1. What are the ³J(HN,Hα) couplings of the stretch 99-110, residue after residue, when phi is run through the Karplus curve with 6.51, -1.76, 1.60 and θ = phi - 60°? Round to Hz, x for glycine and proline.
2. What translational diffusion coefficient, in µm²/s and rounded to a whole number, does the Stokes-Einstein relation yield for the stretch 60-156 at 37 °C and a viscosity of 0.692 mPa s, taking the hydrodynamic radius as the Kirkwood radius over Cα pairs?
3. Compute a Gaussian network model of the chain, connecting alpha carbons closer than 10 Å, and tell me which residue from Tyr140, Tyr68, Tyr53 fluctuates the most.
4. Treating the beta-carbon of each Lys and Arg as +1 and of each Asp and Glu as -1, no other charges, what is the dipole magnitude of the chain about its Cα centre, to the nearest 20 debye?
5. Would you kindly derive the ³J(HN,Hα) couplings of the stretch 162-171 from the backbone phi angles with the Karplus curve 6.51 cos²θ - 1.76 cosθ + 1.60 (θ = phi - 60°), listing them in order in whole Hz, with x for Gly and Pro?
6. Take the alpha carbon atoms of the stretch 103-191, find their radius of gyration, then divide it by 2.2 N^0.38 Å using N residues; give the quotient.
7. Under 10 Å, Cα contacts only: if you run a Gaussian network model on the chain, which one of Pro11, Pro54, Pro25 comes out with the highest mean-square fluctuation?
8. How much FRET efficiency would the formula 1/(1 + (r/R0)^6) give for Tyr68 and Thr139, where r is the Cβ-Cβ distance and R0 is 35 Å, rounded to 0.05?
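Quick note: the coordinates plus some simple rules give every number you see, no bench work behind them. On a predicted model such as this, the values are computed, not experimentally measured, just so you know. Quick reminder, even Gly has a Cβ in these numbers, built from the backbone with ideal geometry, and neighbours come from all protein chains shown.
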Amino acid sequence: MIIPIVTYGNPVLRRECEEVTPDYPELDVLIENMWGTLKSAEGSGLAAPQVKYPLQLFIVNSLDSYQYMSTANRETYFDGDTGIKETFLNARITEYGTEKYWDDEEGCLSIPGLSEPVRRSWRIQIEYQDREFKPCIRTYSGLTARVIQHEYDHTLGKLYIDYLGGLRKQLIKNKLQRILNKKVHPKYRIQ
């Protein structure tokens, strides 16, 4: 089932999310619905608060991005990997690489029609539980690390626009107001 994506201004996007436990009701259904929603919206990641569930849960699909990129772009955006398709439960980024940062355009399914350059760490280390609640510790880099950082921020109640400077925030103020006024209509379902 495709779940409507909540947009900028919805209070759930600013909540710090709760841990997910194995006995959470119909967790598998929620995860499957999130994957269907992400595919329908043609996104790279989706966090549970974006579909109105304040849970420490997000999904990342950088595999499709890798597969559709040219060889030159793969060399720019991926660091020897080929992307992932993974579910993250109760994640904690434990290390942000300091050797390299990069600015790149970032958008968000909850902020339709807007993208802005955001500085992110090129490499991160993350501890999480997979879909079966198996503990994992992984290091990711490039585009995969960027998508993970973006989705992880959602579980903390942060949006990528929080990283923008005061002038950029002023320049996008009218666009954000259009989203608040429900005057933006993306190709995917929103709420």
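1. So the J values, rounded to whole Hz, are 6, 7, 10, 8, 9, 8, 5, 10, x, 8, 4, 8.
2. 235 µm²/s
3. Tyr68
4. Values: 25 positive and 26 negative charges, 211 e Å.
Dipole size: approximately 1020 debye.
5. Values per residue, Gly and Pro as x: 5, 8, 7, x, x, 5, 4, 4, 5, 5 Hz.
6. 1.26
7. Checking each option, the largest mean-square fluctuation is seen for Pro25.
8. Calculated value: 0.90.
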